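> My questions all concern the structure below.
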Amino acid sequence: MATEIGVAVIGAGMAGKAHAAAYRVASSLYNPVLPPVRLVSIGDVNAEFGSIAAKRFGYERNDTSWQAIAEADDIDVVSVVIANSLHREVVEGLLAAGKHVLCEKPLSDSLPDARAMAAAAAESDSIARVGFTFRRTPGIAYIRELIQTGVLGEVFHFSGRYWTDYGADPQGPMSWRFAGPAGSGALADVGSHLSYVAEFLCGDVKSVSGGRLSTVIDRRPKPLGAVMGHDHAEVGDELADVTNDDYAAFSAEFATGVGGFEVSRVAAGHANSLIFEVFCANGSARFDQRRPSEIELFLTGGPSATNGYRQVILGPAHPYIAGGLAMDAPSVGFGQNDAFAYQARAFLEEVAGIDENDSLPRCAGFDEGIHNLEFLAAVAESAQNEGKKVSL
Ligand SMILES: NC(=O)c1ccc[n+]([C@@H]2O[C@H](COP(=O)([O-])OP(=O)(O)OC[C@H]3O[C@@H](n4cnc5c(N)ncnc54)[C@H](O)[C@@H]3O)[C@@H](O)[C@H]2O)c1
């Protein structure tokens with residue numbers, strides 16, 4: 001096992017900070033089996049963003065190019081948390097330099113680039129993983145367990161939406177999120193998470209149909225300075241074209257069951273609402289990211305006068321929580337930032353060479369990242385062809 005793991009995060013934006021914080025707490029989840037984790041560098045072309053994040057999360061330095069991180073001998077593990085169109089160049093450069101890479105979702109903004117990244121990963125001796133963070137959410141993992149152990153049983157149908165409103169204000173600044181081909185907007189940004197969760201529960205997608213993409217705000221003001229995440233930066237009078245989708249809908253057929261999906265970045269009032277309900281042979285379950293510490297569960301068979309959905313508060317009896325959170329007690333709560341910490345822990349365990357049976361479930365591989373992009377590409381193809389069925 002490695003005697004020390006040196007860590008860097010490329011991108012000090014909205015999600016980059018979550019990765020930076022996650023590596024900081026990863027060792028403190030569960031028993032201390034990891035070798036010492038050294039927080040080495042935050043890399044961001046914006047030196048101010050990088051330096052603030054490095055200081056805040058206790059990293060030794062910040063760098064302003066990914067090449068500096070690739071060349072550094074004291075770095076073993078790198079999270080790539082920058083715009084999707086930049087993933088390929090940086091990931092390939094890091095793999096060539098022998099770094100282990102955790103790349104944010106979606107793996108890329110194009111399938112050919114994602115396939116090239118996977119080929120580079122396969123040729124390297126490095127571990128290359130994708131950050132599908134929601135597989136770490138205890139409520140989602142528990143619903144999967146209920147399906148797979150037969151408590152809920154076979155999935156009949158899934159109804160999911162990921163509504164966000166970061167693009168709802170037409171005066172919100174243009175950023176990388178609003179540029180790219182059809183399907184690279186809300187569908188890639190939040191639809192990548194929802195489609196991944198659906199397959200996590202229902203098995204592999206077989207076909208999609210009824211695809212619809214819509215851009216409702218087709219021009220946005222250019223920012224006067226740097227924009228971080230969904231921030232409302234100061235804007236000027238000059239406008240830029242929005243070239244991708246604000247909204248997407250589709251239906252899908254899975255290994256078991258079918259599903260209906262809606263994703264949006266213009267759903268005013270829903271800053272971050274990943275919500276789904278899954279209907280199965282023995283009952284149903286509901287999850288809502290706005291209440292990540294609970295699920296709702298309905299099991300058939302009880303007396304109809306008293307049976308109905310009930311709230312199940314997550315605690316040490318559920319995946320990830322027992323022995324993980326510092327206060328190991330029922331109803332302590334769990335949030336999206338915690339999921340990044342469990343993801344970092346799982347990645348570091350793999351890099352440290354800890355046996356899979358003694359580790360958290362591994363992070364998704366690049367092959368899963370490609371499959372996810374194929375799923376989303378099928379939705380875009382369906383949308384371009386008046387909702388026709390596209391098989392995968
Ligand atoms: N897993 C999740 O829940 C989640 C949440 C948000 C974003 N993401 C993903 O994370 C990635 C980044 O999204 P974000 O919202 O943090 O973006 P962001 O715009 O907030 O931050 C991107 C950062 O990258 C920096 N940057 C730009 N070019 C660079 C380069 N060549 N080298 C180094 N730094 C560079 C920018 O200065 C900026 O600080 C995307 O792939 C996105 O899909 C995942």
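> Looking at (1) outside any strand (DSSP E or B); (2) touching a residue at least 60 places away in the same chain (Cβ under 8 Å), which one does PRO170 not meet, given that it meets all the others?
Against the list (1) outside any strand (DSSP E or B); (2) touching a residue at least 60 places away in the same chain (Cβ under 8 Å), PRO170 comes up short only on (2).
> Also: Select from the range 197-228 the residues that are among the hydroxyl-bearing types (Ser, Thr, Tyr) and either part of a strand (DSSP E or B) or over 16 Å from GLU262 (Cα atoms) (or both) and list them in ascending order.
Answer for the range 197-228, where residues must be among the hydroxyl-bearing types (Ser, Thr, Tyr) and either part of a strand (DSSP E or B) or over 16 Å from GLU262 (Cα atoms) (or both): SER207, SER209, SER214.
> Would you call LEU187 outside any loop (DSSP other than H, G, I, E, B) and either within 16 Å of the ligand (Cβ to nearest atom) or buried (at least 22 other Cβ atoms within 10 Å of the Cβ) (or both)?
yes
> For SER304, which of the numbered conditions (1) free of Cβ contacts under 8 Å to residues at least 60 places away in the same chain; (2) out of contact with any Asp or Glu (no Cβ under 7 Å at 6 or more places or on another chain); (3) closer than 30 Å to GLY387 by Cα; (4) in a loop (DSSP other than H, G, I, E, B) fails to hold?
Evaluating SER304 over (1) free of Cβ contacts under 8 Å to residues at least 60 places away in the same chain; (2) out of contact with any Asp or Glu (no Cβ under 7 Å at 6 or more places or on another chain); (3) closer than 30 Å to GLY387 by Cα; (4) in a loop (DSSP other than H, G, I, E, B) leaves (3) as the failure.
> Answer yes or no as to whether GLY323 is within 20 Å of ASN272 (Cβ to Cβ) and either touching a Pro at 6+ places or on another chain (Cβ under 9 Å) or crowded, with 16+ Cβ neighbours inside 10 Å (or both).
Details: within 20 Å of ASN272 (Cβ to Cβ): no; either touching a Pro at 6+ places or on another chain (Cβ under 9 Å) or crowded, with 16+ Cβ neighbours inside 10 Å (or both): yes.
No: the conditions fail for GLY323.
> Find the residue count for the range 63-93, including only residues that are within 10 Å of the ligand (Cβ to nearest atom), charged (D, E, K, R) and farther than 19 Å from VAL130 by Cα.
Residues that pass the stated criteria total 1.
> Then there is this: Tell me which residues, restricted to the range 88-110, are under 21 Å from PHE200 (Cα atoms) and either of a type outside the set (Asp, Glu) or surrounded by fewer than 20 Cβ atoms within 10 Å (Cβ to Cβ) (or both). Outline the logic, then answer.
If we filter the range 88-110 for residues that are under 21 Å from PHE200 (Cα atoms), which is where we start, we get 102-108.
Hits for the range 88-110 are LEU102, CYS103, LYS105, PRO106, LEU107, SER108.
> Go through the range 318-345 residue by residue and tally those that are free of Cβ contacts under 8 Å to residues at least 12 places away in the same chain and within 27 Å of GLY153 (Cα to Cα).
Kept after step one, since they are free of Cβ contacts under 8 Å to residues at least 12 places away in the same chain, are these residues of the range 318-345: 322, 327.
Remaining after also requiring within 27 Å of GLY153 (Cα to Cα): 322.
Residues in the range 318-345 being free of Cβ contacts under 8 Å to residues at least 12 places away in the same chain and within 27 Å of GLY153 (Cα to Cα): 1 in total.
> Name the pairs whose Cβ atoms lie under 6 Å apart, with the first residue in the range 89-104 and farther than 17 Å from ILE370 by Cα, the second outside any helix (DSSP H, G or I) and away from the ligand (no atom under 14 Å from the Cβ), and 6 or more positions between them or separate chains?
LEU95/SER124; LEU95/SER126; HIS100/VAL77; HIS100/SER126; HIS100/ILE127
> What are the residue pairs meeting all of these: first residue in the range 5-24, first residue on the phi > 0 side of the Ramachandran plot, second residue assigned to a loop (DSSP other than H, G, I, E, B), Cβ atoms under 8 Å, and 6 or more apart or on different chains?
Filtered contacts from the range 5-24: GLY11/ASP44; GLY11/VAL81; GLY11/ILE82.
Computed from the coordinates by the stated procedures, all read-outs in this text should not be read as laboratory data. The structure displayed is predicted, hence computed values, not measured ones. A quick note on method: Cβ atoms are made from the backbone with ideal geometry, for glycine too, and the neighbour counts reach across all protein chains shown.
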